Amino acid sequence: MRLETRLVKVSERVWPDNPVSPPIYQTAAYSYRSLQQVERVLQGQEPGYTYTRGGGNPTTEELAQLMAALEEGEGSVITASGTGAMLAAILALAPTPTSIYVAREIYGGTVGLVRHVLEPLGYSFVWVDTHQPEALPKYWSHRGSGILIGETISNPRGRVSPWDAVIQAAHAHNVLVIIDNTFASPFHARPLNWGADLIVHSVTKFIGGHDDVILGAVVGSPKAIGRVQQLVDIMGVTPDPMASWLALRGARTLALRMERSSQNARKLAESLTSVSGIDQVDYPGLQFHPDYPIASRLLEHGFGAILAIHLAGGLEAVEHLVNRLHHVRLVTSLGDVSTSISHPVVASHRELTAEEKERVGIDEGTVRISVGIEHIDDLIEDFRQALA
Ligand SMILES: *Cc1c(COP(=O)(O)O)cnc(C)c1O
């Protein structure tokens, strides 16, 4: 079955009364007929639920099944946020302190997690350049273990590493790999097929797609996912059932939205390359982007919905842009049906030091654009008039 069909397919599950839309099990707990039944359910001898944090929830399970199907994985766990998903994924693969190899362009929140939660616990934080897999061994510690974290398409400059080769190089040194597939979404890439050990999503973004829910997901093998589930239950980063339902509802149109958003992003990127006052446009679907050949090889159906522009006028020019855009809003998130801009230096990447920002290639003039599903002419007109 193709992704478009999987997205709208009714689950195999038989719900009471055969509703077309899955019910929202907005309950914290479940009741029982007898002590014996509680015992049987807790032992796993009888199907059933106990408690929404630690014993599952039918609505959330429905979303987990969808996420596993979309990523072509065997299992999935839904979490209260993408950040919670990343923490659970790391701890599942590395329960005791080890080296965490972090791809240079990663989301600031993931940097914060490693820096403020894991480093104080004894994990070591190592930045790595994932663009040249053959150069990776210089980073590996002699212990021959660790976790590498990367993003399919990086934020905000759209860098795409040769992940299949990177994963192979990591595995050759017993380093396990977590790929954050938020920017690509399963519409453009399914990194388990490149050998990734776990996939992490901020479901908040393209999967949910409507900026109305905070949610995350981890996808992978049954063994790894079993451990992630255990950690999520114990740490309490469990989602609310209503949030799971909203994400399920939003996800039905993922393919349609991504198709339009990525087409719009490409057209907007092409159009902005000829606007004066813009030093550079970063979009992996532009032929002069450094990763265009790799992105063309690894991504399907386009190059995603995110681009970055670098304004020659720096911060002042960004302020003018924010003030003069009529339809496009300044938002500290992405992946919605409507187009928004954000300022990485003050928002998504504020966790980075000045030197780290320079290495990623962002400064005060950098603006990230998350492209939605509007008519492309309205978008181009709005950006052109504001930049003028
Ligand atoms: C937003 C985001 C996250 C964090 O997800 P939350 O749902 O906000 O916790 C992780 N990775 C990427 C790439 C993101 O854009």
Which cross-chain or sequence-distant (5 or more) residues have an amide H under 5 Å from the amide H of I153, H modelled 1.01 Å from N in plane? F183, A184
Non-local amide H neighbours of G372 (under 5 Å, H modeled in plane, Pro and chain starts lacking H): which ones? T339, S340
Of all accessible surface on the chain at a 1.4 Å probe, what whole percent is carbon and sulfur? 52 percent
HN-Hα J couplings of region 317-327 from phi, Karplus 6.51/-1.76/1.60, θ = phi - 60°, integer Hz, Gly and Pro as x? 5, 5, 4, 4, 4, 4, 6, 9, 5, 8, 9
Which of the peptides 231-239, 352-360 is most tightly packed, and how do the rest follow, judged by the mean count of other Cβ atoms within 10 Å per residue? 231-239, 352-360
Under a 10 Å cutoff between Cα atoms, tell me which one of E300, E351, E39 has the largest fluctuation in the Gaussian network model of the chain. E39
Dipole of the chain [Lys/Arg +1, Asp/Glu -1 at C-beta], most positive-end residue of A80, L93, G302: L93
Amide H contacts under 5 Å for Y51, placed H, 5+ residues apart: G56
Residue-wise, which Karplus ³J(HN,Hα) couplings in Hz belong to region 167-175, taking 6.51 cos²θ - 1.76 cosθ + 1.60, θ = phi - 60°, and x for glycine or proline? 5, 4, 5, 5, 4, 4, 10, 6, 8
Rounded to whole Å², per residue accessible area for the chain with a 1.4 Å probe reads 43 Å²
Region 258-388 - Rg (one decimal) and Dmax (whole number), Cα, Å: 14.0, 39
Please list, or write none, the aspartates and glutamates whose alpha carbon is within less than 14 Å of the alpha carbon of K138, excluding same-chain residues fewer than 8 places away. D129
Please list, in order along region 97-107, the HN-Hα scalar couplings obtained from phi with the Karplus expression 6.51 cos²θ - 1.76 cosθ + 1.60 (θ = phi - 60°), rounded to whole Hz, x for Gly and Pro. x, 8, 7, 10, 8, 10, 4, 4, 9, 6, 3
Segment D17-S296, length gained on full extension (0.36 nm per residue, minus Cα span): 95.8 nm
By a straight-distance test (C-alpha under 28 Å), which lysines pair with K9 as possible cross-link partners, with residues fewer than eight away in the same chain excluded? K205, K223
Straight-line reach check, K357, cutoff 17 Å on alpha carbons, 8 or more apart in-chain or any other chain, hits among lysines -> none
Return one number: the angle in degrees, 0 to 90 and rounded to the nearest 10, between the long axis of the Cα atoms of helix 241-251 and the longest principal axis of the Cα atoms of the chain. 50 degrees
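The values are calculated or read from the model by the stated rules, or taken from the named source; none is laboratory data. Just so it is clear, the structure is predicted and the values come from calculations on it, not from any experiment. Positions of Cβ are generated from backbone atoms using ideal geometry, with glycine treated the same way; all protein chains shown enter the neighbour counts. Quick note on the areas: whole protein, heavy atoms, side chains included, nothing else; ligands and nucleic acids left out. Shrake-Rupley method; radii C 1.70, N 1.55, O 1.52, S 1.80 Å.
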